[in-house]
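This is the structure, below, for whatever I ask next.
The values are calculated or read from the model by the stated rules, or taken from the named source; none is laboratory data. Quick caveat: nothing in here was measured; it's all calculated off a predicted structure. All Cβ positions, glycine included, derive from the backbone under ideal geometry; neighbour counts span all protein chains shown.
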Amino acid sequence: MTRPRGRPARGEGVTREEILSAALALLDEDGAGFGMRALAARLGVTPMSLYHHVGDRAGLLLALSERVYAAVLDDPVPAHGAAPADGMAQIRALLTRYHEAVGRHPQLTLAIFCEPAAFAGTARLITERLTLLLSALTPDYPLWRDILVDHAHGSGLALCAARGDRMQFEAMRGQYRLALDSMLARIAPGGNGSAS
C-alpha cells in the first residue's frame with residue numbers, strides 16, 4: 001500500500017527548520033547527491049511534504065541561503081556620503097564574513113551557481129551592498145565587485161580542501177585576508193583604482 005502524497009512516512013509532521021537543518025547537512029555531506037527525493041528520504045517524508053514547506057529546489061536553496069548568509073549583512077547599510085575609510089572597512093568586513101560563509105558551506109555556493117533562481121534574497125542583498133560601497137570609491141565599481149566576489153568564491157571554496165588540517169586552513173584564511181587587503185589598497189583613495 002502506498003502512502004498518501006505529502007504525508008509523513010512515519011506518521012509525524014516535519015517543520016521548516018527541520019527541513020532546512022537536514023538539507024544543509026545533506027548538502028554539506030554530498031553536494032552531488034543533494035535533491036528533494038534524497039532529502040525526503042532522510043527525513044522520512046514524501047517529497048510533497050517538502051514542497052509544502054519550502055517550495056521547489058530553488059526555494060529550498062533560497063531558504064538555505066537566507067540561513068547561511070544572513071550574518072554577512074550584520075553591518076548597517078552605509079550612510080550616503082560615508083567616508084571612504086569607513087567604506088573600505090565595511091567592504092573588508094562584508095567580504096570576510098562572506099568568505100567565511102562560503103568556506104563553511106561550499107556546496108551551497110556551488111548549488112546556487114547551478115540554480116539562478118536561488119540567487120535572490122540575501123545573496124542579492126550582499127551583492128547590492130558591495131556594489132553600493134564600491135560605487136562610492138571607484139568608477140570601476142562593477143569590475144571590482146566581480147573581481148572581489150570571484151576571489152571570495154574561489155578562496156572560500158578552496159577552504160574545503162584544508163578542512164582536516166587546521167594549520168593549513170588558518171593559513172588559507174590569512175592568505176585570503178592579505179590578498180583582499182592588497183586589492184582594496186588599489187581601490188582606496190590614493191590607490192590607482194584601476195583593476196588592470
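Going through region 150-172 one residue at a time, which ones are surrounded by 16 or more Cβ atoms within 10 Å (Cβ to Cβ) and closer than 22 Å to residue 87 by Cα?
151, 152, 153
If the Cβ limit is 9 Å and pairs must be 6+ apart or interchain, which residue in region 30-51 that is on the phi < 0 side of the Ramachandran plot pairs with which residue that is of a type in the set (Ser, Thr, Tyr) and not in a helix (DSSP H, G or I)?
40/46
Find all pairs meeting these conditions: Cβ atoms under 7 angstrom apart; at least six residues apart or on different chains; first residue within region 159-179 and over 13 Å from residue 103 (Cα atoms); second residue of a type in the set (S, T, N, Q).
Matching pairs, first to second residue: 177/96.
Would you say residue 165 is at pLDDT 95 or above and acidic (Asp, Glu)?
No; evaluated as a whole, the condition is false for this residue.
Kindly evaluate residue 90 against the criterion of being crowded, with 16+ Cβ neighbours inside 10 Å and touching a Pro at 6+ places or on another chain (Cβ under 6 Å).
Yes, satisfied.
For region 135-145, indicate whether the set of residues that are out of contact with any helix residue (DSSP H, G or I) (no Cβ under 8 Å at 6 or more places or on another chain), at pLDDT below 95 and among the hydrophobic types (A, V, I, L, M, F, W, C) is non-empty.
No, there is no match, as no residue in region 135-145 is out of contact with any helix residue (DSSP H, G or I) (no Cβ under 8 Å at 6 or more places or on another chain), at pLDDT below 95 and among the hydrophobic types (A, V, I, L, M, F, W, C).
Can you tell me which residues in region 40-73 are within 20 Å of the chain's Cα centre (by Cα) and either over 19 Å from residue 119 (Cα atoms) or among the hydroxyl-bearing types (Ser, Thr, Tyr) (or both)?
65, 69
Taking the condition of being touching a residue at least 12 places away in the same chain (Cβ under 8 Å) and in a helix (DSSP H, G or I), how many residues in region 123-137 meet it?
The number of residues fulfilling the criteria is 10.
Looking at region 138-192, which of its residues are acidic (Asp, Glu), over 24 Å from residue 29 (Cα atoms) and outside any helix (DSSP H, G or I)?
Hit for region 138-192 is 140, nothing else.
Still on this model: Is it the case that some residue within region 179-191 is among the small types (Gly, Ala, Ser), modelled with pLDDT of 90 or more and under 21 Å from the mean Cα position of the chain (by Cα)?
Yes, region 179-191 has at least one match.
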